[in-house]
Structures are given as structure tokens and as C-alpha cells.
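Reviewing the structure listed below.
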Amino acid sequence: MQNIAEVEAPEEGMRSVTEILLDDVEYVNAGPEREIIDFVDPAGEASSQRVAGERIRVGIVDDHAMVAEGLGVLLREQRDLEIVGIAATVAEAIELVERRHPHVLLLDYRLPDGDGATAATEILRRWPSTKVVMLSAAGGDELLARSIEAGCSGFLPKDRSGREVVSAVRAAYRGESLIPTSVLVGLLDRLRRAPQGKAGDLTQREFEVLRLLAKGMSTEGISSLLFLSEHTVRNHVRNILAKLGAHSKLEAVAVAARDGIISLEDRT
Amino acid sequence: MVLADDQEAIVDALTRLLAEQPDIEVLGAGRNAEEALKLCIEHEPDVAVLDVRMPQGGGPVAAMEIRSRGLRTRVVALSAFDDNATRDHMMASGAVSYVLKDRPVSELLEAIRQAAGSSQGESVAS
């Protein structure tokens, strides 16, 4: 295994504050002499299964040591939580999950060697039962969308209280998705405003109907040409409008021409 | 001392962590420059740990206000930004030290103790 990070060696005979505060936490980058082999199940499946009454194993990933230590102290006060490791980079996060099998991973979005969404994608591909809660200093919609796409169970802006972080960890462990309402409202708003799909979303039949619309054909004309009922053609038109985010047949044709879904030659 | 950072989880976490130190008393915590200044006026703490980036001007604004009001409070800047411009701005605004969030908590504790020492030393001398 590659040696991913040097641990800052505390002065001789001195224990670092980190060690004092988190003395039962094994650091993933603690070096070979502190090799952690709690679990032998290589896929991590068996060990990350829930067992009634057990403590929730939590991993913390944040490149700001001060924040990671602080979160560790905060979570350790909870009797049902156990901090199993702290990591500062994407590489260390992956190693942490591989070696310590946390039930829940608190993952900072911005890390020195990559972003949280990439890390989450990789972790969830290899250890799908892990629950990832994304922490982000900036609560941007884009980060939220990428986190959800990556399969994260929760998303918390860092301006939330410690209590909310604890709730998010517990909710994620229970298999719930926790996204603050304010964040969700922003996301829904964004989805409403975003163009509803592209050419790739059109079925072959819808594409044919669109081309005929572009030629100026009526619903009746299209239905007789394609041997479809007018009702079916109207359904296709409705779907085309929805997929192109258009409010009329004219707008649908305009959008389709603009986006290159159909060419103007279709009209001739 | 008092503490201000707009990231509440971090304030919660650091407050607990600092409160565990026998020689440190956390008198209050704020979320922006204005709250930080209010706390400093109310408690006139030895040390204020201020995040450099907070709403309403962040650490620099709060630090300048603390200085212009003649409070004895020494400002320790807490920052996620390791660049000279941010550091210089903060130090020019009156901070006595600049601690990065990616450093261990021990560095923050050391900065707080040093700042407290200079604050008390000066107030005795004056």
C-alpha cells in the first residue's frame, strides 16, 4: 500500500492535542506500525451491515484538520456514534473506508486531491452499503446535484449546527436521505427552470412526429401519414413539448431547429 | 475568549474543543462580524478568534472595529485561505496571528495563549 501521508510527529514525550482528544481513533495515515486490520472481509459488505444496538461507525474526511478534530469531538459526545477514522484527502478517504468500514462517511466536498462527488462515486461503487453525507462550505446547487448523482445519502452546508450534523449521520445510517429543506427548495427551483431534456430523450416515433410538425403538418395529417389515431399523435406532441421544454408546437420546432435536433432542410 | 465563524458546525465543534482546555473560557460565539464585535464590546475578552470570511465583512472588519474602539482584545485570525493577500489584509486590520484551518487544533491553542499573554501583559503595563 502506498504511503499516502506523513503523520506530523509530535515532539518527543508529547501527545498532540489530536491524540488527546481522539485517543481512541486510529488515523488511516498513522503509518505501517499502526496497521489497522479490524475486518478481513475485503468487499466490506458483511462488516458494514447494521447490527441492532451497535454504535454507528463514522469516518470523517476534511482537509482542515481543525474542522475534522472539532467534528470528531462533537460526534464522540454521542453515545451511539463511534469515530473510526479521520482522513484529509480523497485517497485517504478511500483507504479509510477500505480499512475501517464506517457505516457513515462525513465527506467534505473540497479536498486537495479531488472533489467529494468523485470520491463518493468511487467509494459507493466499491462499498455500496456505505452511507456518504456530503459536507460543503458552499451550498451551491451544482455541488448538491453532483452529490446526489454520486449517490450520497445526505448533503449539509457547513453553516448548519453540530446538532444537525449528528442528525444527518443518524438519518443516513437508518437509510434515510437527509437534505435540508432550504437546499431542496433551491434544487427543485433549478430543475424547474432547467431545459427539460434534449434530443436524446425523444423516442424514434416522437422524432418522426417532430419532423412532420416542422413541415407544417397538422395533427390530422400526421395521424393519417403514420397510421396513428389523432389521440396518439396528440400524446406524442405533448411528450415532445415536455421533453423540449416548449409551450407550443411552434416553440418545439424552434427549439429543435436551434439545438440541431432537426435541420431546416426538413422543411423542404 | 470569544469566537466567530459563519459555519455553525465549526463554531459548535471548536467551542466544545476550546472549552475542554482548563485555561480557556469561551464567553460567546458569533456567526458574523457584527456579532463578533458585539461580543467583544460586551465581554472585552483577552482574545477573539475570528474567521477571515464571514458575512458583513468578516474578520478584517471586526478586527478594525475592535482596534478603533480601543478594546484590549487581541484578534487571532482563523482562515481556510493560505494566500498572502488574505493574510496581509487580516494582519493589517489588526490581527496578532493567522492560523490556518488545515493545521491541528494545537496551533490554534498556542496562538490563543500567546495572544492572551500579550493582551494581559499590555493591560498591566498601561
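The values are calculated or read from the model by the stated rules, or taken from the named source; none is laboratory data. Bear in mind the structure is a predicted one, so any value in this text is a computation, not a measurement. Methodologically, a virtual Cβ is constructed for each residue, glycine included, from the backbone with ideal geometry; neighbour enumeration extends over all protein chains shown. Note: accessible area is taken over every heavy atom of the protein model, side chains too, but ligands, DNA and RNA are not part of it. Shrake-Rupley method; radii C 1.70, N 1.55, O 1.52, S 1.80 Å.
General observations
- Exposure of A:Val73 as accessible area (Å², to 10), given a probe of 1.4 Å and all protein chains: 10 Å²
- Counting only DSSP H runs of at least 4 residues, each contributing -39500 (n - 2.57), and dividing by the residue count of chain B, the helix-based mean residue ellipticity at 222 nm comes to -16000 deg cm²/dmol.
- Neighbouring Cβ atoms from other chains, within 10 Å of the Cβ of residues in B:13-19, number 6 on average.
- Relative pair counts by distance (%), Cα atoms of the range A:56-121, 10 Å bins: 25, 56, 19, 1
- On the basis of the beta-carbon distance and an R0 of 35 Å, A:Asp113 and B:Asp88 show a calculated FRET efficiency of 0.80.
- In plain terms, chain B is cut at each of the GluC sites (Glu not before Pro) found in a DSSP loop with at most 16 other Cβ atoms within 10 Å, and the longest leftover piece is B:26-126.
- The lysines whose alpha-carbon is closer than 27 Å to the alpha-carbon of A:Lys249, local same-chain residues fewer than 8 away aside, are A:Lys198, A:Lys215.
- Residues of type lysines that A:Lys158 reaches as a straight line, Cα spacing below 21 Å, ignoring anything fewer than 8 places off in the same chain: A:Lys131, B:Lys101
- Accessible surface, 1.4 Å probe, highest first, among residues B:Leu39, A:Leu210: B:Leu39, A:Leu210
- Legend: mean number of C-beta atoms from other chains within 10 angstrom of residue C-beta atoms, peptide B:1-8, equals 3.
- About its Cα centre, the range A:199-267 has a charge dipole of approximately 80 debye under the convention of +1 per Lys or Arg Cβ and -1 per Asp or Glu Cβ, with nothing else charged.
- Positive dipole terminus of chain B, leading residue within B:Ala92, B:Ala13, B:Ala33 (C-beta point charges): B:Ala92
- 10 Å Cβ neighbours from other chains, averaged over peptide A:159-167: 4
- Applying 0.36 nm per residue to the separation of A:Val185 and A:Asn235 and subtracting their alpha-carbon distance, the gain on full extension is 15.0 nm.
- Net dipole in debye of chain B [+1 Lys, Arg Cβ; -1 Asp, Glu Cβ; about Cα centre; nearest 20]: 280 debye
- Buried area at the A-B interface (accessible, heavy atoms, 1.4 Å probe, summed, Å²): 1900 Å²
- Rounded to 5, the percent of DSSP beta bridges in chain B classed as antiparallel: 0 percent
- Counting all C-alpha pairs of chain B, share separated by more than 19 Å (%): 39 percent
- When the Cα atoms of the range A:199-267 are aligned to their principal axes, the ranges along those axes come out at 29, 23, 20 Å in descending order.
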